[in-house]
Amino acid sequence: MKLSRRSLLASAAAAPLLPIAGSTLAGGHASVAPSSKARSFAVGDFVVTTLLAGSGVRDNPQGTFGMNVSAEEFAEVSEQSFISSESYVGSFTPVLVQTGSETILFDTGLPGDGVPSALAEVGLTPADITHVVLTHMHPDHIGGMTNDAGEVYTNAAYVTGRVEYDTWAGTDNRIGQAVAAKVTPFAEKMTFLEDGQDVRGGVTAMAAFGHTPGHMGYMISSGNDQLMITADMANHHVWSLANPDWEVRFDADKAAAAATRRSVLGMLAADRVPMVGYHMPFPAAGYVETRGNGFNWVPVTYQMTPA
């Protein structure tokens, strides 16, 4: 059977159009229905699991990414990477690190059952979490700290960056109010880290300031293996990597955020260290390679698959 572009198009035209699986988000956007909410990777003796806490289609990507370039340049870069310049899929992906003695959750997602539901896929409940680490204080990272019944991670110790907490605690803006509701009630149970300090051996805080004043990444090291949890340092696999100098709406200090992207992505590319990004396409894990004046995202396939 000989296939041609014309025959493929004709077959597609004759086939019925099927709806996208999933519910509908506020604003009428269809949600994206993944096959799984959890994906595990081996990093030495550690198991790192990405947890899909939610995803959905968003319009007007240039209202968030590439705000300092022309619409023509944004559309050209998007087309070259086979993605639309009119909409994009946004995902929220907290990370679980199981060391053998600790079960560490990085970020808690938005309010709701997103993280607990993903944890259930790997046989865990919120009560199994020994540490909750907050990379920064944006609401989509701290919203799941509490629910209508109160504290969600009742057996956990809490960890976050000192600079980040001190920036927002006591402020009366939107983020400060979220911190007062979700984080401050647990301040007495919280450990505050500086750049280079450990959550535990093999889990090290790395300053990645710019997205927020005290935004932290975390390097996971076990044996000869490493993986970096980059959180919101880079929030799109094309618009944040191919052009790390493109401004992002939610970056508090846009110049510092761009400098951090160049520095960290350059390190990851040079050392061939994989990363997990909070808003990257699920399972949110991949490698970075240099390309031109920026970087290219290489998503994981079967690398780091646990035995």
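The numbers here are math on the coordinates, done by the rules we state, and not lab data. What you see is a predicted model; the values in this text were computed from it and never measured. Here the Cβ positions follow ideal geometry from the backbone for every residue, glycine too, while neighbour counts run over all protein chains shown.
Would you compute, from DSSP H runs of 4+ residues alone, the mean residue ellipticity of the chain at 222 nm, taking -39500 (n - 2.57) per run and dividing by the full residue count, rounded to the nearest 500? The partial results should precede the final answer.
Numbers: 7 runs with 65 residues, N = 307.
Roughly -6000 deg cm²/dmol at 222 nm, from the helical runs in the chain.
I need the shape label for the range 231-307. Rule: rounded when a/c is under 1.5, else prolate if a/b > b/c, else oblate, with a, b, c from the alpha carbon gyration tensor. Numbers along the way, then the final one.
Values: a/c = 2.14, a/b = 1.60, b/c = 1.34.
Note, shape of the range 231-307 comes out prolate.
Quick one: compute a quarter of the convex hull surface over the Cα atoms of the range 89-187 and quote it in nm². Present the calculation step by step, with values, prior to reporting the outcome.
Values: hull surface 27.1 nm².
Averaged projected hull area, Cα only: 6.8 nm².
Within the range 192-288, report the trypsin sites (Lys or Arg not before Pro) that DSSP leaves as loop and that have at most 10 other Cβ atoms within 10 Å. If you can, show how the numbers build up before the last one.
Working: sites: R200, R249, K254, R261, R262, R272; in loops: R249, R272.
Filter output for the range 192-288: R272.
At 7 Å along Cα-to-Cβ for each site, give me the label-to-label distance between L110 and R272 in nm.
Output for this residue pair reads 3.9 nm.
How much space per residue, in cubic angstrom, does the convex hull of the C-alpha atoms of the chain take up? Could the numbers behind the result be given before it?
Numbers: hull volume 51.9 nm³, N = 307.
Per-residue hull volume (Cα only) is 169 Å³.
Tell me the relative contact order for the range 116-193 as a rounded percent, counting alpha carbon contacts under 8 Å between residues six or more apart. If you can, show how the numbers build up before the last one.
On the way: 95 pairs, mean separation 25.0, N = 78.
So the answer I get is 32 percent.
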